[in-house]
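Below is one structure, written out as structure tokens, with a few remarks after it.
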Amino acid sequence: MGFVDYEVKGQIAVMTINREKALNALNSQVLDDLNAVLDSVDTNAVRCLVLTGAGDKSFVAGADIGEMSTLTKAEGEAFGKKGNDVFRKIEAFPIPVIAAINGFALGGGCEISMSCDIRIASENAVFGQPEVGLGITPGFGGTQRLARLVGMGMAKQMIYTARNIKADEALRIGLVNQVVPAEELMATAEKMANTIAQNAPIAVRACKKAINDGMQTNIDDALVIEEKLFGSCFESYDQKEGMANFLRKKDDPAKVKHVEFKNE
Ligand code: CAA
């Protein structure tokens, strides 16, 4: 669809931001296309998404500077909301989203990766929030999610200095989960997505919701959130079969088998 390609591969799907000549920069159209593709995902069939950028140079080089250059204050705020709404949709998406970061992840590119659950970067990836060098703040969640991921001190340093960092430093500060050679990036991300897809989907979704919602509140309320989601897994086919399989194994190791979870 438009600037975003979508390919289902069995139980996982790959979403590719495809505006390569502008290094996959996010203009309004790309954001609209992303939104539409997310709305079209069949989350009963697809169990994990991988998000990447077209080409081998850039994941996403940020929000579109040309488009932003003439915005009024009100239009700037509306553009920020547009990006925030789409990125929040990714963050709260019912199934996990893995960012496969294949190059520049600057400004809105770093920000969209942070709205994903897991970040895997190629060795040539570069991260940064260069906005203050352009006379603006990060506007698609960077001032909020970076501090939550790497801590306030490091987030402030990156944002105030507008200094880019390479993949190895991003790994060291906890901005990314894993760094791999560029040629192994998609295989690594898809392998992780397939591993996730083999686990009980209702439980995986409940884990995502418990972690996301729980991190936004105090520990007592967070534990109640967990209890409710834990309880919600019971009486499902997947819970009964997953546990029955374990118990059969205990009785007779010959009965060990791989559980085909059904998402029900
Ligand atoms: N917006 C619009 N166009 C962009 C872009 C962006 N963020 N980043 C790259 N492009 C375009 C370039 O204008 C260029 O287009 P033309 O061929 O038509 O001239 C094309 O992509 C290739 O880029 P370069 O020639 O600059 O490639 P390079 O290899 O020399 O440099 C780069 C690569 C270091 C990533 C450089 O393109 C760059 O610095 N880009 C801007 C990065 C940036 O500042 N991002 C933050 C934007 S602000 C933001 O995101 C706000 C927010 O939080 C919402």
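The values are calculated or read from the model by the stated rules, or taken from the named source; none is laboratory data. Remember, predicted model here, so these are calculated numbers, not experimental data. Every residue, glycine among them, receives a Cβ derived from its backbone with ideal geometry; neighbour counts consider all protein chains shown. Each accessible area value is taken on the protein alone, full model and side chains, heavy atoms only, with ligands, DNA and RNA left out. Shrake-Rupley method; radii C 1.70, N 1.55, O 1.52, S 1.80 Å.
Largest mean-square fluctuation among Val179, Val150, Val224, in a Gaussian network model of the chain whose springs join Cα atoms under 10 Å apart, belongs to Val224.
Annotation: aspartates and glutamates with alpha-carbon distance below 12 angstrom to Lys262 (same-chain offsets under eight excluded): Asp238, Glu241. Protein heavy-atom accessible surface, 1.4 Å probe, per residue over the chain: 50 Å². Highest mean packing comes first when the peptides 34-46, 81-93, 53-65, 124-136 are listed by Cβ atoms within 10 Å, giving 53-65, 124-136, 81-93, 34-46. Measuring nothing but how far apart in sequence close Cα pairs (under 8 Å, 6+ apart) lie, relative to its length, the chain scores a relative contact order of 15 percent. Electrostatic bookkeeping for Gly141 treats Lys and Arg as +1 and Asp and Glu as -1; over the other residues with beta carbon under 10 Å from its beta carbon, the sum is +1.
Sorting the segments 200-208, 160-168 by their residues' average number of neighbouring beta-carbon atoms within 10 angstrom, most packed first, yields 200-208, 160-168. Counting only alpha carbon atoms, the long axis of helix 73-91 and the longest principal axis of the chain meet at about 20°. The string of couplings for segment 160-168 from the Karplus curve (6.51, -1.76, 1.60, θ = phi - 60°) is 6, 8, 6, 7, 7, 10, 8, 4, 5 Hz, one whole number per residue in order, with x for Gly and Pro.
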